[in-house]
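Accompanying notes for the structure given below.
The values are calculated or read from the model by the stated rules, or taken from the named source; none is laboratory data. Here the structure is a predicted model, which means the values were calculated and not measured. Heads up, the Cβs are rebuilt from the backbone with ideal geometry, glycines too, and the neighbour counts pull from every protein chain shown.
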């Protein structure tokens, strides 16, 4: 903020230039306020410090004294690090504070008591603690200006709120007028929304790449590499922009009104924007709670489809991909550093070929759990919110006239809990919708097609395909552990059965299938590898024979 003034004969002046929005800083106000401050300091022999430029902080809500340069100035004053006799120059009292008079006056007096001289340029008033203490007129002038500033801001806030509320009601009634304050892939013409074809194409590309399990970093890198123009004339695509675009429900036509603080204001308005993708495509593109590729990092070419999946059974460390130039292996990361004795190097190319062949020949998805755990979570949260709301309502009703402090505290705690649970419920509903969209997707059929396409693809296309395949493997595999030459891959369990793939070195030797009856596992059955090749591609007969027809998903 500036060091204390070392020359007692020339005091330091701090010029406060404040804007509620960055747009206000683009006009002439900055130059006007700064030139006036410079002229004043020259006339009074003051040294001007230009560090108090506060942009995007509301003086009505007090944001400017909570964070930012003015907040830092106040802290330095209170800590005695700004010299007594330093000046604070403001255009008018409303630049310093627009909160209610008691709050604004308290801050005003605190600064004066700390030895700061406050000067308002618009009416040429200079305030010191001695003047306020001994001159009632000066005190009244400052209070009247504070009251005027607060009243103006309050009325302005109410008018803006009323205007936005009227606009939202028009939107909900289907009479909302389209404006260019809309998603970047749309434009408003004569009160109607129209798609911008080249930008819609970019959005569909982003969603398609999310379906391939690419993360926001990789997607932004690919767009920048292809010189795709951004929607807002920015300096290229950023990962945060990709995340915001993918999560934007305007893709499926929904507009969510929001308050000034960014929180949701009422229910979403469906059908407000033109839809450009389906609901399922939207929810499949979202980052779910179990998404392991969200960071978007990658190894060039995605050489290892099992990256981050396989663990060492002896030490728990991950199996890492080792490329020696002539061969490629999976090996315990700690064993490579001499910290584990599980030193077996598993040939990766053969292991990958075995797994892909097995997944293409046998629809393992028929044996994994497709239940949506978020549905139970949603129901539980809804019940808990309802119970706590009923309790708070009953307390308010029982103590309507005279609420004891203990009951008020309990109601406050319940309100805070309900707020937190409501946020959890919103997230659980979102995750439930993601899971629903993914469950309805025929991953098995597409996985087989992906394996068939891979040899015919160019490098970049092959990378995208392998990224998607890695995502599907992570979706279906629960655990994969390696101990010496043996490896066991357990698929995500279903309610009535468990399936494990048994591997020796890099070759599948069989499948261990465990049926669950009345909550208890029965004796596992081993399906030898050679039996896999004896059945037709549907594998329905083999599946029924080993786990029972009643345990086979339709």
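Listed values, structure above:
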item: Inter-residue pairs, beta-carbon under 6 Å, first more than 20 Å from residue 470 (Cβ to Cβ) and in the stretch 205-232, second surrounded by fewer than 18 Cβ atoms within 10 Å (Cβ to Cβ) and at pLDDT 85 or above, 6+ apart; result: 224/236; 231/184
item: Scan of the stretch 219-263 for residues that are under 22 Å from residue 285 (Cα atoms), under 20 Å from the mean Cα position of the chain (by Cα) and surrounded by fewer than 13 Cβ atoms within 10 Å (Cβ to Cβ), ordered by number; result: 240, 244
item: Selection count, the stretch 206-218, where residues are under 15 Å from residue 284 (Cα atoms) and either touching a strand residue (DSSP E or B) at 6+ places or on another chain (Cβ under 9 Å) or assigned to a helix (DSSP H, G or I) (or both); result: 7
item: Index of the failed condition, residue 200 passing every other in (1) closer than 27 Å to residue 460 by Cβ; (2) at pLDDT below 95; (3) surrounded by fewer than 19 Cβ atoms within 10 Å (Cβ to Cβ); result: (2)
item: Lone qualifier among 143, 84 - being at pLDDT 80 or above and either buried (at least 19 other Cβ atoms within 10 Å of the Cβ) or touching a helix residue (DSSP H, G or I) at 6+ places or on another chain (Cβ under 9 Å) (or both); result: 143
item: Failed item, numbered, when residue 383 is tested on (1) exposed (fewer than 14 other Cβ atoms within 10 Å of the Cβ); (2) under 27 Å from the mean Cα position of the chain (by Cα); (3) modelled with pLDDT of 80 or more; result: (3)
item: Residue that is nearest to residue 202 (Cα to Cα), among those in the stretch 248-291 that are assigned to a helix (DSSP H, G or I) and at pLDDT 85 or above; result: 251
item: Index of the failed condition, residue 132 passing every other in (1) within 30 Å of residue 207 (Cβ to Cβ); (2) part of a helix (DSSP H, G or I); result: (1)
item: Enumeration of residues in the stretch 96-109 that are in contact with a helix residue (DSSP H, G or I) (Cβ under 8 Å, 6 or more places away or on another chain) and either more than 16 Å from residue 144 (Cβ to Cβ) or assigned to a loop (DSSP other than H, G, I, E, B) (or both); result: 97, 98, 99, 100, 107
item: Looking only at the stretch 503-554, and only at residues there that are under 42 Å from the mean Cα position of the chain (by Cα) and in a loop (DSSP other than H, G, I, E, B), the one that is modelled with the lowest pLDDT; result: 554
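Quick grid of which residues meet (1) in contact with a strand residue (DSSP E or B) (Cβ under 9 Å, 6 or more places away or on another chain); (2) in contact (Cβ under 8 Å) with a residue 24 or more places away in the chain:
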| residue | (1), (2) |
| --- | --- |
| 101 | no, yes |
| 120 | yes, yes |
| 126 | yes, no |
| 137 | no, no |
| 148 | no, yes |
| 162 | no, no |
| 166 | no, no |
| 179 | yes, no |
| 189 | no, no |
